Amino acid sequence: MCGIVGCILKDKKAAPILLECVTKLEYRGYDSVGIATPDSEIHIKKDQGKIKDVNKKIGLSNLPGDMGIAHVRWATHGIPTKENSHPHTDCSGNIAVVHNGIIENYKEIKDALIEEGHVFKSETDTEVIPHLIEKFMAQGLDLESAIRDTLDMIHGSYAIAAMAAAEPGKIVGAKKDSPLIVGKGIDEYFVASDAPAILNHTNNIIYLEDGEMVILERSGVTVKNMLGEVIKKEIHVLDWTPEMAEKGGFDHFMIKEIHEQGESVRNTLMEAADIEKVVNELPDIERISFVACGTSYHASLIGKYLFESLMGVPTDVILASEFKYSAPALNDKTLVIFISQSGETADTLKALRLAKESAETLAIVNVLGSAATREAHHVIFTRAGPEIGVAATKTYVSQLTCIYILVSYMSNRMDLLEELHKVPQYMEDILADEDHIKEIASRYKDSQDFFFIGRGFSYPTALEGALKLKEITYIHGEGYAAGELKHGPLALIDDGVPVVAVVPPGISHDKTLSNVEEVRARGARVIGLGSHEDKLLKSEADDVIGINESVNELISPISYIVPLQLLSYYISVEKGIDPDKPKNLAKCVTVE
Ligand code: M6R
């Protein structure tokens with residue numbers, strides 16, 4: 001996930017305003033930044049690092065001209081370096097492009113362009129865009145048509161803004177599966193990844209749809225479809241304040257990131273081909289060990305259930321901090337999979353270094369260039385984009401998506417891969433029920449203890465639900481395998497104790513419902529998560545959060561965690577806690 005901005009202003013220097021706007025998009029990426037402005041040629045300032053550091057070093061706003069484009073990067077292809085920072089240019093440096101998204105077929109396009117004599121300066125997928133535009137403009141097309149032909153050739157997701165020295169006073173934007181909005185001020189025009197980025201300048205916003213292009217000129221903005229036909233678009237007048245900018249209109253990063261989970265799953269699914277490649281590189285494996293901490297540990301538990309039930313491969317899951325005390329006997333037929341959002345967690349890195357001495361290692365990581373990605377034998381990237389809230393949400397669902405893709409390829413279960421494509425829609429349906437979950441949260445917010453129960457694939461979901469609750473509401477929450485309650489914890493169930501039961505359709509359904517009956521008989525208040533159509537659950541639970549009936553047990557962990565994240569988030573807000581910065585915790589734990 002990256003942030004892009006473009007503007008054409010009147011009687012004002014563009015670079016300081018582009019810098020201000022792109023700073024509001026820093027939540028979308030913060031490893032590199034760059035600005036390009038044209039006069040007779042295109043001037044670019046860019047480097048890797050946080051915006052304020054890069055600005056201090058090279059003076060980003062010190063560029064001429066009253067128009068330009070800017071970018072803040074979250075590296076996906078190519079580690080954060082000056083060369084990989086956007087804007088990217090063609091061979092001549094006369095065409096500049098900023099891009100948010102992933103171009104899946106960039107390698108083949110790049111190879112073909114190199115054959116034709118194009119010289120690439122970066123390792124990014126994005127750089128193929130200015131080179132393709134250059135190629136088509138050299139054939140006589142104008143910028144707009146050259147971009148249209150370029151977009152015809154690329155697969156994947158994009159929001160772009162592009163300009164060419166040969167066509168002064170013009171910026172062309174386009175989108176597919178990545179956000180792009182247009183701002184229409186008085187004689188001043190903008191494109192941006194989101195509206196809050198430009199709210200200081202205009203609140204008249206046009207939302208572009210996939211397959212639409214916008215042409216900003218000094219005379220105004222025109223929206224067209226991919227056939228070049230003009231489209232009439234509604235202008236929305238927003239009543240947001242500029243202060244809401246960094247959080248995209250949400251109150252906290254956590255809720256924004258919960259809402260971004262569909263996009264994270266979609267982006268991670270675009271990794272499928274790279275994951276297949278990793279699978280093909282792996283030696284014969286007889287055993288798998290997952291190693292991780294916290295939320296990443298819970299994702300690993302789902303991995304165990306998947307590998308054992310679908311492939312029969314013995315799989316264990318070890319807390320990274322326990323690895324040196326309880327590591328299984330490793331050999332070259334063991335694959336040790338390290339899962340880490342940050343790729344910098346000290347416990348996980350220590351375990352990785354130990355495991356590497358005798359086994360094949362694979363790291364599943366969200367941050368490109370992080371230590372785990374440099375040290376493991378194989379790497380898979382989750383494509384969640386930057387996660388700012390301390391509580392892991394969208395990185396968790398992306399980790400799960402990677403594990404499901406991995407197991408689909410390793411077990412040749414392409415039906416599972418197909419199922420994954422439906423998950424973003426299931427998530428959106430759950431988010432449509434947000435007010436209901438908020439209302440449940442306000443009724444349960446004063447409870448002292450919560451229990452979360454589930455069986456099979458729902459057991460790690462229960463653990464993760466309990467972790468979210470503890471972390472951001474400071475309420476005691478315990479996750480249990482539902483069948484384990486009667487072996488001890490049932491003694492703690494009294495009148496009014498909330499029990500959250502995760503009961504998707506599947507083989508564990510009836511047995512978990514029996515456990516629900518047991519806690520009900522002891523006075524528990526039950527919040528049930530299950531299919532919309534589950535009449536039995538409705539008759540047993542005090543509150544039910546209904547989920548699409550097609551979400552079966554096997555695929556349920558990626559969707560069923562969403563209501564639990566929302567429940568904790570709204571309890572946290574009700575209690576006046578800042579869910580983005582829970583006490584005593586840090587986003588990245590670099591001590592053992
Ligand atoms: O960066 P990592 O995934 O290695 O971090 C591991 C844990 O610290 C992390 O998952 C933590 O449990 C979450 N912040 C909980 O929401």
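Residue-wise test of (1) more than 26 Å from residue 366 (Cα to Cα); (2) in contact (Cβ under 8 Å) with a residue 60 or more places away in the chain.
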| position | (1), (2) |
| --- | --- |
| 1 | no, yes |
| 5 | no, yes |
| 13 | yes, no |
| 18 | yes, no |
| 22 | no, yes |
| 26 | no, yes |
| 32 | no, no |
| 38 | yes, yes |
| 42 | yes, yes |
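Among what's in the range 82-104 and is in contact with an Asp or Glu (Cβ under 9 Å, 6 or more places away or on another chain) and polar (S, T, N, Q), pick the residue that is farthest from residue 181 (Cα to Cα).
This residue is 92.
If we keep just the residues of the range 566-590 that are assigned to a loop (DSSP other than H, G, I, E, B) and within 11 Å of the ligand (Cβ to nearest atom), which is surrounded by the most Cβ atoms within 10 Å (Cβ to Cβ)?
Of everything passing the filter in the range 566-590, 579 is surrounded by the most Cβ atoms within 10 Å (Cβ to Cβ).
Exactly one of (1) free of Cβ contacts under 8 Å to residues at least 12 places away in the same chain; (2) under 30 Å from residue 319 (Cα atoms) is unmet by residue 230. Its number?
Result: residue 230 passes all but (2).
Every residue in the range 374-383 that is part of a loop (DSSP other than H, G, I, E, B) and either away from the ligand (no atom under 12 Å from the Cβ) or at pLDDT below 90 (or both), please.
Correct list: 376, 377, 383.
If I filter the range 176-191 down to residues being modelled with pLDDT of 95 or more and in a strand (DSSP E or B), which single residue comes out as farthest from residue 29 (Cα to Cα)?
Per the stated criteria, the residue is 184.
Tell me yes or no: at least one residue of the range 460-470 is crowded, with 23+ Cβ neighbours inside 10 Å, outside any helix (DSSP H, G or I) and touching an Asp or Glu at 6+ places or on another chain (Cβ under 8 Å).
No, the range 460-470 has no match at all.
Quick one: count up the residues across the range 391-431 that are within 27 Å of residue 580 (Cβ to Cβ) and hydroxyl-bearing (Ser, Thr, Tyr).
6
Check the range 190-206 and report whether any residue there is of a type in the set (Phe, Trp, Tyr) and under 18 Å from residue 19 (Cβ atoms).
The initial filter retains those residues of the range 190-206 that are of a type in the set (Phe, Trp, Tyr), namely 190.
Narrowing further to those that are under 18 Å from residue 19 (Cβ atoms): 190.
Yes: one or more hits.
Give me the helices (runs of 4 or more DSSP H) completely within the range 229-327, filtered to those with at least 3 residues that are within 16 Å of the ligand (Cβ to nearest atom) and crowded, with 17+ Cβ neighbours inside 10 Å, ordered by residue number.
Passing ranges, in order: 253-259, 261-269, 294-306.
Run down 129, 114, 160 and say which single residue is among the hydrophobic types (A, V, I, L, M, F, W, C), assigned to a strand (DSSP E or B) and either touching a helix residue (DSSP H, G or I) at 6+ places or on another chain (Cβ under 7 Å) or farther than 21 Å from residue 72 by Cα (or both).
Testing whether each residue is among the hydrophobic types (A, V, I, L, M, F, W, C), assigned to a strand (DSSP E or B) and either touching a helix residue (DSSP H, G or I) at 6+ places or on another chain (Cβ under 7 Å) or farther than 21 Å from residue 72 by Cα (or both) leaves just 160.
Residue 520 versus (1) assigned to a helix (DSSP H, G or I); (2) out of contact with any Asp or Glu (no Cβ under 7 Å at 6 or more places or on another chain); (3) free of Cβ contacts under 8 Å to residues at least 40 places away in the same chain; (4) surrounded by fewer than 19 Cβ atoms within 10 Å (Cβ to Cβ): which is the lone unmet condition?
Looking at each condition in turn, residue 520 falls short on (2).
The values are calculated or read from the model by the stated rules, or taken from the named source; none is laboratory data. This is a predicted model, so every value here is computed, not measured. When we count neighbours, we look across all protein chains shown, and the Cβ atoms used for this are built from the backbone with ideal geometry, even at glycine.
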